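What follows is a set of notes on a single structure, which appears directly below.
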Amino acid sequence: NQYVNEGFEALTVTPDQKYLVFTTEGHVRADDTIPQARRIVVYDRESEGAAVYKYYVHDEKGKSGVSDILVLDDHARELVILERLYHNKTHIDTVELYYVSLPAHNPSGNDATYVKLSDDISAATAAAESTRKFHESKILNASLLFSFENHSEYTDNYEGMTVFANAGEKPHSLILVSDDNFHRSQTTFVTTLGLQYINIADDPGWPPAPPPNTYGYHFAPSVFLLLISMLMVMLLIFYNYPTRSGSRHHDRLDDSEAEAIQIEMARSHSIEGDHGTTPLRQEQGVQVI
């Protein structure tokens with residue numbers, strides 16, 4: 001039911017080791033009609049039952065992969081999800097962290113699909129029934145926690161994530177590591193992010209608005225400067241190239257006009273995407289500091 005190289009990628013366990021939480025990097029074949037969907041599975045090791053939640057990656061085509069997942073509490077209700085999208089044309093990774101607060105694991109609710117295999121039904125029947133319920137379940141709310149958009153010098157193929165926490169306390173730091181794929185153009189980064197827990201009721205402006213152009217066309221600064229330079233050279237050639245009737249005598253662009261052209265060009269290469277982020281509806285939250 002999984003596509004090649006898009007299977008199980010993310011796995012975490014609660015501090016008390018009661019719950020396992022995992023998901024696939026890409027969507028499974030049964031979810032071809034909703035390629036943005038990822039099945040977040042919360043497995044109860046004591047009851048051997050599982051709650052399956054519907055999470056949507058923040059890329060309209062569903063190409064963004066979930067490369068890791070973390071749980072912050074003993075009840076498997078506070079998650080940090082690492083999304084990564086590689087752009088083939090620009091060779092740049094979009095890397096973002098999202099905070100998700102799961103509803104209470106209630107088998108009688110419609111926030112998740114509950115699965116528990118038994119001898120009464122076959123695995124195929126159980127799979128078909130769980131898929132139907134999964135497609136009818138609610139989509140989880142996710143809030144952007146951190147983006148590497150403004151830290152391109154540290155952006156790479158991030159695939160691992162863990163936390164630092166003092167005994168009996170919630171984690172206070174996130175540790176991320178990237179995989180360089182043994183490629184000389186990539187780097188293995190170990191990045192530390194601080195966490196701060198906040199009361200949502202005291203900060204109505206949280207979470208912060210996501211940065212623009214997260215899932216648009218990405219242009220590295222060097223590429224953009226090269227395009228600007230090439231355009232300026234072409235303009236100089238055009239305005240100074242002699243015609244059959246003599247030299248061209250056009251007025252040169254003044255500074256304000258040249259700046260307006262460059263600003264308009266910059267806008268034409270910036271496409272803002274719809275992140276689909278929704279403010280959390282619970283009392284507590286977390287943010288990166």
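Numerical summary
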{"read-out": "Loop-located trypsin sites (Lys or Arg not before Pro) in segment 23-56 whose Cβ has at most 15 other Cβ within 10 Å (DSSP)", "value": "ARG45"}
{"read-out": "Which listed pairs, of LYS63/LYS138; LYS61/LYS138; LYS54/LYS170; LYS133/LYS170, have C-alpha distances above 31 Å, in listed order", "value": "LYS133/LYS170"}
{"read-out": "Around SER137: net Lys/Arg minus Asp/Glu count, Cβ-Cβ under 14 Å", "value": "+2"}
{"read-out": "D_trans [Stokes-Einstein, Kirkwood Rh over alpha-carbon pairs] for segment 37-193, 4 °C, 1.567 mPa s, µm² s⁻¹", "value": "74 µm²/s"}
{"read-out": "Segment 13-117 - Kirkwood radius from inverse mean 1/r over Cα pairs (Å)", "value": "14.5 Å"}
{"read-out": "All Cα pairs of segment 15-71, percent lying beyond 13 Å", "value": "61 percent"}
{"read-out": "For segment 57-81 and segment 125-161, distance of Cα centres in Å", "value": "4 Å"}
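No value in this document is a laboratory result; all are computed from the given coordinates. Remember, it's a predicted structure, so these values are computed and weren't measured experimentally. We place every Cβ from the backbone using ideal geometry, glycine too, and count neighbours over all the protein chains shown.
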